[in-house]
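A short worksheet on the structure shown next.
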Amino acid sequence: MDRFTLFLRAVLLCVLVPAGTACHRQRDSADDPSRIHVGIVFDIGGKDDRSFNAAAFAGVTCAETGKWPKGDTCGKPALEIVLRDIEPGNPTSIEPAMRAFAERGYDLIIGVGFAQAPIVETVAKDYPRIHFAIVDGVSELPNVASLIFKEHEGSYLVGLVAARTSRTGIIGFLGGMDIGLIHRFEKGYEEGARSVNPNIRVIQNYVGVTDAAWNNPGKGKELALAQIGKGADVIFTAAGNSGLGAFDAVEQAGRVNGRATHFVIGVDSNQNMVKPGFVLTSMVKRVDNAVYAIVQDVVNGKFQAGIHVYGLGQDGVGYSMDQYNKDLMAPETVREAEDAKKKIIAGQITVTDAMAK
Amino acid sequence: MLELRNITKRFGDVLANDRVNITVQSGTIHAIIGENGAGKSTAMRIAYGFYTADSGEILIDGTVCRIAAPRDAIARGIGMVHQHFMLVGPMTVAENIVLGAEPGSALALGVTTASADIRRLSGELGLAVDPDAVVDHLSVGQQQRVELLKALYRHAQLLILDEPTAVLTPREVDEFFAILRGMREQGKTVVIITHKLSEVLAISDEVTVMRDGRVVGRLHTKETNAAELARLMVDRDVLLRVDKPAATMLGATTLRVRSLSVRAHDGAARVDRVSFDVRAGEIVGIAGVEGNGQTELIEALSGLAEASTVSGEIRLGDQDITRFGARARRELGIAHIPEDRHRRGLLLEFDLAENSILGVHYRKPAAYAGGILLDDPAIRRHAADIIAAFDVRPANVDLPARALSGGNQQKLIVGREFDLRPTLLLVAQPTRGVDIGAIEFIHRKLIALRDEGCAVLLVSAEIEEVTSLSDRVLVIHRGRIAGEVDPKAATVDEIGLLMTRGH
Amino acid sequence: MILDDRARSAPTRSPFRHYSDGLLGELIFPLIAVLAAFVVGGVMVLVVGDDPIQTYRLLLGSALSWPDGIGYTLFYATPLIFTGLAVLVAFRGGLLNIGAEGQLYVAAFATAWAGITFANLSAWALLPLCFLAAILAGAVWGAIPGVLKARFGSHEVITTIMLNFVAVALVGYFTQYHYKAPGDPIMQTTMIGGGAHIARLGRFIPGFPERIPLNLSFVFALIACLLVHLFLWRTTWGYEIRATGSNPQAAEYGGISIRKQMVLAMAVSGALAGMVGINEVLGYRYRHYDGFSANYGFTGIAVALLGRNHPVGVLFAAMLFGMMIRGGIFVDAFTNNVTKDLVDVLQGIVILFVAAEALFRGPFASHRLLKRSKI
């Protein structure tokens, strides 16, 4: 092997002389063992999915640098960690990716997405002294923190907003893969809507039953158009990439007197700026907050295994308000939503969790 | 124009060229003749830069040149047309010609400007090639002209042609020779590699004869004749006509064909209600211009034709075998030496041992354990026996069939088929592309087989071959038997008339 | 090179004699291709701002470390050996099997089905049953395009690609609606019976932890290499398949039914692809996991190509690809800018160079290539 690298060095040297660049190794110097090492394994979607994985990436980046990936400050202190990430690309690589960090003795390994839950369990068993965290999944092992979100609570609020905004009395729900997790969104949404309009009709559709359901904007648009055809004028998407089809659908429905006739509600990340004027709000899932918090726990030596629930109270879910949608929601609707939020936090309103057994 | 001096080239243990000296005079047609494997192609490939010589030098117009690659040769005005064309089928003539010699930077640009040049070149020589035609749509003869144009387009002053007539019909050969003469008149030099004596005499000005990697004769064509050239080539007097005793042990009728028709997919009858018998101990020749149904007839008799295209009756002895497949017919003792040994007869990538069992691979001695496992030692012995009995060279059962010369490939096939101890042998074009030594060998073997009581049906495009080998000759014309002639009594002209006119 | 060999008459028969050229000739181009890919890849690493030497040290070091590196490299190589062999057998028969992906999905599901349905049987009965399910399902799924080609002349490239979609959809349907544990958000079947588990190699090798999923399937893959070799070169069936692939008209002349060979070659090919299910289901996950295949079927084509369509070559090519998959994860994780895409690029370049081998071979090969393009 030495001879091989030698040869390679020689070959590369020849190629490189014209390029004349120096090797930048800004981060490797930070690989010192005194720091806390954090490894994160993304879902198949990869860290640039502008949604769920992106939020997780934002959280760890914030923990590492005190900034969002784009470069502006995230409002929290940098935690002096060494951060490495892997985008496995296929399901067979997830376990080895996680083991790659474990083999190197990382302090915290974060798995993103419910599909990684069984893998985190397997690996965590082999490395009981390493801390693990699983986003959206549950494990009972003593070295695994399960980061769970009360999506139904956030969905309740946007359901309320949808029902207040709808003029037809018909609203839509577009789910990605037909699984329990998404039923939780649907149920909360419906309950929120009925809390202000008991007669409201909720049309629900799912894109599919396989992984591909997250990544089929064409079908998402078709289903959204069908819902519009049945009279729905606000559509809540919980369908990953497929949801972007619904954004196209409401844009296609057009505007009257400068105001959109149909609206979409985004999910996971703040998607208000995707189609400004057509996005009523987004049900944000603050994966970044949750991830930052668990990193902070490890840095401070306060890591706790078990279930960490992020609901409205922990600022783990919510609905987004910014310059893109401040004119779309009536002030009284916002007031009503804020009111409901306080009641949920206070326990005066209980939203049904479709996944609770 | 071109001179090779003391060229020596060795491939492993084989001395392909041994101090070869060849001088080609400017403005002549120079033939290089020799048996397969005599080293003539090697010498010319060295001149073209395909191979580099181990020693010796190449002179062009009197100066020593280093030709390390074909592009060096092209730069010095040497072009070569190979036996197998190097054309891209789906592209046009002009695109093919421009490919690799683009005058402009972009291919498309080059093609349009080249088109005119090609048209002019083609007109000057009477080639009648349309630059915009797609190569796949051209006949083989026209494709060869495209190859010529390709070389001329790159300003070749000397053209090397490797076995140019092997793929042409007799008519096309005549046209092709006219083109070569036209080129000579324009001052170009032509080197033609061949093993056909008649062509040498018809077209060349000078001849270089090669044998076993050495030059054994330099002659002016006018001052020599076929017999002398043949003797130089094989180093002995060759029997161009076969001496054979008349069929003596004429037996029962082995093959009986009645009203046999073979239809092409378009419904046209390629073989049209043909009836004849072949008896044990005789050779029946089928003479005819190629493409008159001989191929289809043999395929129908050997069981290779699609069953739905065949009608009529074929009987072997008492048995109706019309519906039998190829394997069943082989098992009844029908052997078949196909007309195209590369297409049908051999697995070129397979070694000689594996080729020696094609058709009998599933039974003893090749296979054991119920015909499932191959018995490698037995196969190798089997192959070695055939190789020894039929003088296949080199005698190495591990060589791929591709590595053998045409004559040796044919001897391997003949050996394999004879080894079946057939009751009926179907043999088509047995000596096509085979050197003279092998021709003689195969002819003698065929007669020996006949004398052992085998029925032989022989198809050949060479009238000479048919009449000298056969005991009876049937002339086929447009899929029908136009007549039967006695090969001892009939003249070539008589047979030729039947072949071309059908009566 | 060809003439070179003509002259050299080997008195003894080496196991590599079936290569058309000498052993060196067979090895040199894959090696050049791999080396060239690494050089080009190194330049790309440099362009994105990392150190190529460090990156390759990381790649190779992580792929060859003991025990995890070696273990995972061989674990990744296992399915690729099977699919490489599958593509090889079809290719030797003159067929391009693009459908190994579909065949292995169907087979993996069938394996899981057998393991779930007969979960209560003892290992002695259950294991052979699961094996049979994998091999049979693959063979049947592979034979379909063979039959279609023999019967109707449909081109196997089209039909195998189409059947890939059918396989994925069909298996997805059964997994989702019939064999999933109720409430499980993950697209996977329930677990197979314990009797159907294949031992991991950690059980036999001291110092080799059992958490590494390398299992007896790897040994089966090695045996499969040997069996494929014997099948192709030591049986009449293999002879007939190769004859059909080499020259169908000559095969026909030799009394071989080329239609039968198409079906046989595709069935054997499918069966080999199906054995991926043994590794995946019986040796690794103990269930069918939807979407488990990291394009094993398609990578198998590259493996067969790089392995020059010989079982020994396939073995080494699969190990090389296994190394790259394993090393790619580490490169992705522990370099600043290089992602696992580097490995995809390396694979792509290797294939490109192998396919473009004719460029190196000189006029003879390019001539053959042109001839081929006329067909």
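Quick notes
- Other-chain or far-sequence residues with amide H under 5 Å of residue C:288's (modelled H): C:189
- Applying the Karplus relation 6.51 cos²θ - 1.76 cosθ + 1.60 with θ = phi - 60° to the range B:400-405 yields 3J(HN,Hα) values of x, 4, 4, 6, 8, 6 Hz, where x marks Gly and Pro.
- Other residues whose C-beta falls under 15 angstrom from the C-beta of residue C:164 contribute a net charge of -3, scoring Lys and Arg +1 and Asp and Glu -1.
- Structure note, pairs A:150/A:221; A:76/A:221; A:76/A:343: Cα-Cα distances above 31 angstrom occur for A:76/A:221.
- Considering the range A:89-206 at the alpha-carbon level, its Rg and Dmax are found to be 19.1, 58 Å.
- Computing FRET efficiency as 1/(1 + (r/R0)^6) for residue B:464 and residue B:340, where r is the C-beta to C-beta distance and R0 is 25 Å, gives about 0.75.
- Here the 3J(HN,Hα) profile of the range B:356-367, calculated from phi with Karplus coefficients 6.51, -1.76 and 1.60 at θ = phi - 60°, is 6, 10, 4, x, 10, 5, 9, 9, 4, x, 5, 10 Hz, Gly and Pro shown as x.
- Against chain A, whose longest principal axis comes from its Cα atoms, helix A:287-299 is set at around 40 degrees.
- Computed about the Cα centre, the dipole magnitude for chain A is approximately 520 debye when only Lys and Arg (+1) and Asp and Glu (-1) carry charge, each at its Cβ.
- On Cα atoms only, tilt of A:180-196 relative to the major axis of chain A in degrees: 30 degrees
- Angle in degrees between helix A:117-126 and the longest Cα principal axis of chain A, rounded to the nearest 10: 30 degrees
- Distance between the modelled labels on residue B:227 and residue C:199, one decimal in nanometres: 8.5 nm (7 Å Cα→Cβ projection).
- The packing ranking, built from the mean of other Cβ atoms within 10 Å per residue, places the peptides B:15-23, C:104-112 in the order C:104-112, B:15-23, highest first.
- Cα centroid separation, the range A:153-169 to the range B:112-155 (Å): 76 Å
- Taking Lys and Arg as +1 and Asp and Glu as -1, the other residues whose beta-carbon sits under 14 Å from that of residue A:274 total -2.
- Once the Cβ-Cβ distance of residue B:266 and residue C:169 is raised to the sixth power relative to R0 = 60 Å, the FRET efficiency obtained is 0.90.
- Projected onto planes of every orientation and averaged, the convex hull of the alpha-carbon atoms in chain A covers 21.7 nm².
- Kyte-Doolittle mean at least -1.0, axial Cα span of 15 Å or more - DSSP H helices of chain B: B:107-125, B:140-153, B:170-185, B:376-389, B:406-418, B:436-451
- Taking amide H as placed 1.01 Å from N in the peptide plane, the amide H of residue A:150 sits under 5 Å from that of A:310, A:311, each at least 5 places away or on another chain.
- Computed helical MRE - 222 nm, the protein assembly as shown, DSSP H runs ≥ 4 contributing -39500 (n - 2.57), nearest 500: -14500 deg cm²/dmol
- Distance (nanometres) between label positions extended 7 Å along Cα→Cβ at residue C:337 and residue B:202: 7.0 nm
- Site pair residue B:52 and residue A:226 shows an inter-label distance of 7.1 nm when each label is modelled 7 Å from Cα along Cα→Cβ.
- Residues residue B:391 and residue B:364, FRET efficiency given R0 of 30 Å [Cβ-Cβ distance, rounded to 0.05]: 0.75
- The phi torsions of the range A:56-73, fed into the Karplus equation with coefficients 6.51, -1.76 and 1.60 and a -60° offset, translate into couplings of 5, 5, 4, x, 6, 5, 4, 5, 6, 10, x, 10, 6, x, 6, x, 7, 5 Hz, rounded to whole numbers, with Gly and Pro shown as x.
- Rg and Dmax of the range B:2-234, both derived from C-alpha coordinates alone, stand at 17.6, 54 Å.
- Normalised size of the protein assembly as shown, defined as Cα radius of gyration per 2.2 N^0.38 Å with N residues, equals 1.17.
- Dipole axis of the range C:144-215 (+1 Lys, Arg; -1 Asp, Glu on Cβ), positive-most option in C:205, C:185, C:169: C:205
- Proximity of backbone amide H atoms, modeled 1.01 Å from N, is registered between residue B:192 and B:30, B:31, B:32, B:161 at under 5 Å, excluding neighbours fewer than 5 places apart on the same chain.
- Hydrophobic long helices, here whole DSSP H runs in chain C with Kyte-Doolittle means of at least -0.5 and Cα atoms spread over 27 Å or more along the helix axis, are found at C:23-48, C:68-92, C:123-152, C:156-177, C:311-334.
- Exposed GluC sites (Glu not before Pro) absent - longest run of chain A, DSSP non-H/G/I/E/B, at most 16 other C-beta within 10 Å: A:141-357
- Computed with the Debye formula from one identical point scatterer per Cα of the range B:340-412, without solvent, the log10 of I(q)/I(0) at q = 0.14, 0.24, 0.28 Å⁻¹ comes to -0.39, -1.04, -1.28.
- For the range B:2-234, the relative contact order is 29 percent, taking Cα pairs closer than 8 Å that sit 6 or more residues apart in sequence and dividing their mean separation by the residue count.
- Projected over every direction and averaged, the convex hull enclosing the alpha-carbon atoms of the range B:293-435 yields 9.0 nm².
- For residue A:125, the lysines whose Cα falls under 25 Å of its own Cα, not counting residues fewer than eight places away in the same chain, are A:302, C:180.
- Stretched out straight at 0.36 nm per residue, the stretch from residue C:119 to residue C:355 would grow longer than its current Cα-Cα span by 80.4 nm.
No value in this document is a laboratory result; all are computed from the given coordinates. Here the structure is a predicted model, which means the values were calculated and not measured. As a convention, Cβ positions derive from the backbone with ideal geometry for all residues, glycine included, and neighbour counts pool all protein chains shown.
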